[in-house]
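This report concerns only the one structure given below.
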Amino acid sequence: MARVTVLPEEARSPGRRETNDALALSKRMPRLVLEARRVAATLAHGLHGRRRAGTGESFWQFRPFVTGEAAQRIDWRRSARDDRLYVREREWETAHTIWLWVDRSASMGYRSDLAQTSKIDRALVLGLALGDTFVEGGERVGVLGLMPPRATRQIAEKIAESFVSDRSALEDDLPPAAPIATLDEAILIGDFLYPTNEIEEVVRIISSRGSRGHLVMIVDPVEETFPFQGQAVLHDLEAGLRLRVGDAGAWGGAYRDRMARHRGALAELARNRGWTLTIHRTDRPASEAALRILTLVTTSRGSKLGGR
């Protein structure tokens, strides 16, 4: 039978003990930031950054001058170092922002021995890795209710710091119900073991200006299969309730049916809002979910994927 553990409240922040010193003194990165960077590096091998030429103030690269272009576009200083004419190309700049939210409530502290890690650790690693990858691709990243959009190369550390400094969100099952701009996108990461009508209301408000979003449901393998037999004690981690079951095996079918209905309702509300739903099991690599989300966001922007 699978064994399960539940992380205490202080463990639902990204490495609180090591993070306080690491972020304040810049001595070393927290474990979860390092893991997120590893995942982001894996994504970098298969994805192009979405930086592209266009109107903007930021210099991107030099490229050879093409006959027919305006002569004022030539960078004469760079051209003087070679036998060719070069144009100073600028980066396309848009107002797009990615908003992240990570559920750190009690149910996210769940982990069975069938999983690679706890749900909260996986959610945090996904959020940090996606933030790092999006900023590398030229986007701005913010955290709903915690941090305004930024494009700093230390975005993973900034996101982690925002989580560490805010303990009130440890009781929040859902993100702040506030609309985001039309061109922005939201990525909500959690287990979403919550009434779907309340989830739908939050999604409605966040997307009320026409923005898009993505739900990432983090699931422990035990929550998928309910492999228990015989007597068992079930705990409600949010309400603190417990229920003793005489025949857990008999509960399995009803439990799995209810989970399937819940996910079906989540998928429907996502479709109705033009959002997406990704279900990620914690016995699978974090890079799988990160790559899927990155692809969904890129596709929604009409960008193309390629090699970096």
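With respect to V222, determine if the residue is touching a residue at least 40 places away in the same chain (Cβ under 8 Å), within 24 Å of K119 (Cα to Cα) and not in a strand (DSSP E or B). Steps first, please.
Values: touching a residue at least 40 places away in the same chain (Cβ under 8 Å): yes; within 24 Å of K119 (Cα to Cα): yes; not in a strand (DSSP E or B): yes.
In short, yes.
Residue check, M29 against (1) within 30 Å of T282 (Cα to Cα); (2) modelled with pLDDT under 60; (3) among the hydrophobic types (A, V, I, L, M, F, W, C); (4) part of a strand (DSSP E or B), all met but one. Which one?
Result: M29 fails condition (4) only.
Which count do you get for residues in segment 177-205 that are touching a residue at least 60 places away in the same chain (Cβ under 8 Å), under 20 Å from F134 (Cβ atoms) and more than 16 Å from the chain's Cα centre (by Cα)? Break it down into steps so the answer makes sense when it comes.
Filtering segment 177-205 down to residues touching a residue at least 60 places away in the same chain (Cβ under 8 Å) leaves 180-181, 183-193, 196, 199-200, 203-204.
Right, trim to under 20 Å from F134 (Cβ atoms) and you get 180-181, 183-190.
Okay, now just the ones that are also more than 16 Å from the chain's Cα centre (by Cα), so 180-181, 183.
Matching residues across segment 177-205 total 3.
How many of the residues making up segment 71-107 are exposed (fewer than 14 other Cβ atoms within 10 Å of the Cβ), modelled with pLDDT of 75 or more and hydrophobic (A, V, I, L, M, F, W, C)?
Count: 3.
Yes/no per residue for (1) of a type in the set (G, A, S); (2) farther than 18 Å from R37 by Cα; (3) surrounded by 19 or more Cβ atoms within 10 Å (Cβ to Cβ):
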residue: A129; (1), (2), (3): yes, no, yes
residue: V135; (1), (2), (3): no, no, yes
residue: I155; (1), (2), (3): no, no, yes
residue: R209; (1), (2), (3): no, yes, no
residue: P227; (1), (2), (3): no, yes, no
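Looking at segment 256-308, which of the residues that are more than 24 Å from S208 (Cα to Cα), assigned to a helix (DSSP H, G or I) and touching an Asp or Glu at 6+ places or on another chain (Cβ under 9 Å) is modelled with the lowest pLDDT?
Applying the filter and picking the extreme gives R256.
Exactly one condition in (1) surrounded by 24 or more Cβ atoms within 10 Å (Cβ to Cβ); (2) at pLDDT 90 or above is false for S118; which is it?
(1)
Under 9 Å by Cβ, and 6 or more places apart or on different chains, what pairs join a residue from segment 289-301 that is touching a residue at least 60 places away in the same chain (Cβ under 8 Å) and farther than 13 Å from L277 by Cα with one that is acidic (D, E) and not in a helix (DSSP H, G or I)?
Pairs that qualify, where the first residue is touching a residue at least 60 places away in the same chain (Cβ under 8 Å) and farther than 13 Å from L277 by Cα and the partner is acidic (D, E) and not in a helix (DSSP H, G or I), are S300/E185; R301/E185.
Are any residues in segment 163-188 surrounded by 19 or more Cβ atoms within 10 Å (Cβ to Cβ) and small (G, A, S), and if so, which ones?
Across segment 163-188, the qualifying residues are A169, A186.
Quick one: which of L193, L234 is in a strand (DSSP E or B) and at pLDDT below 95? Lay out the reasoning, then the answer.
On the way: L193 fails: in a strand (DSSP E or B).
Testing whether each residue is in a strand (DSSP E or B) and at pLDDT below 95 leaves just L234.
The values are calculated or read from the model by the stated rules, or taken from the named source; none is laboratory data. What you are looking at is a predicted structure, and each value in this text was computed from that prediction instead of being measured. We place every Cβ from the backbone using ideal geometry, glycine too, and count neighbours over all the protein chains shown.
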